[in-house]
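Notes to accompany the following structure.
Just so it is clear, none of the values below were taken in a lab; they were calculated from the coordinates. Keep in mind it's a predicted model, so treat the numbers as computed, not measured. Here the Cβ positions follow ideal geometry from the backbone for every residue, glycine too, while neighbour counts run over all protein chains shown.
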Amino acid sequence: MTITLEHCHIARGWSALRSNEYSTHVIRLDYQWLYGLTAAQNNLLRDPIGSNTPDIPSHQSSNWSLMMPRLFAGIEIPSSISTMLSLQKGGLHGARWINEANYHITLHYMGDVDYDLANEIAFQMSQIQLPEFDLSLHGFGSFGSKNPHSVFAAVKTCEDLTLLHQDITSRMRRLGLKSDKHDYTPHVTLARLNKSAAPIDVANYLALHGNFRTQDFTVPRFVLYSSRDSIGGGPYVVEETFDLL
C-alpha cells in the first residue's frame, strides 16, 4: 500500500479516503479548525507553492510548528441514546456537562501524532475485520474515587466490544503507541467535575441515577476522531469511519 499526504481544505477536520483500485490512503487536514488559524494561513498550508511565509501570531506559533492532530478511536452514540443521556444533566454542583453531540465510547487514545503516524493509524484501523454487535448502557459511575473528576454512563459488558478494543490496541502498540495503564472501562462521559464538586454530592447523583438503562443499539462501525488541545469534552470531529462486517 502507498501512503500519501495531501493538504486540502474540507468542512472540518481531516479525512482519509481509500481507493481499492490503487490501494492508496490519502489523508487531508484542515489546519484552520484544529489550530485556530485564519483562512489565509490555512489556505497557504494547503497550497504553499509560490506563497510567502504567513505572519503567524505569537499565540499560534507553537501550533504552527507542530501541526499534529490529536486522535482517538471510538464508537458513536445514536441520537436516541444521546437524547436519553442529555436528560440526565443537572443536579450536580461543579459539573461541566458534555454536549450531547460529543458523546462517544473511547476505544483507544492515540494522542498527538505526526502525519506519517496518522496515516499508519488510519491504515491499520482499516484492516480490522470484525462483526457488528449490540451495546447498551447500564447505570452511572465516576472516576476519581476520593476526588471524583468525571461522571459517566457505564457500558454493559460485551465480548465483541472487548475484542474490538484489543484488536485496535494491539495494532497501535505495534506502531509504538503506548497502551492505557488502567483496565479498559468502556463508558460515555457525561460531565467533567471541578474541585467544587463534593464527593457526597457526586455519590447522591449516582445513587439517584443508578437504575438508568437503555435499550440495545447496534454498532455498525467505529471511527477515528480528532480533537483540539483542550481540557476535554470536545468538540470532536469524525475524521474517518470503518465499517464492521
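Summary of computed values
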{"read-out": "Label point 7 Å beyond Cα of Lys195 along Cβ direction - residues of the range 73-108 with amide nitrogen under 12 Å", "value": "none"}
{"read-out": "Part-to-part distance (alpha-carbon centres) for the range 113-169 and the range 177-239, which is given in Å", "value": "11 Å"}
{"read-out": "Contact order normalised by residue count of the range 63-155, Cα under 8 Å, 6+ apart, percent", "value": "28 percent"}
{"read-out": "Ranking of Ser145, Ser170 by count of other Cβ atoms within 10 Å, fewest first", "value": "Ser145, Ser170"}
{"read-out": "Long pairs among Lys89/Lys195; Lys89/Lys156; Lys146/Lys181; Lys89/Lys181, criterion Cα-Cα beyond 25 Å", "value": "Lys89/Lys181"}
{"read-out": "Rg/Rg_ref, the range 62-138, where Rg_ref = 2.2 N^0.38 Å and atoms are Cα", "value": "1.45"}
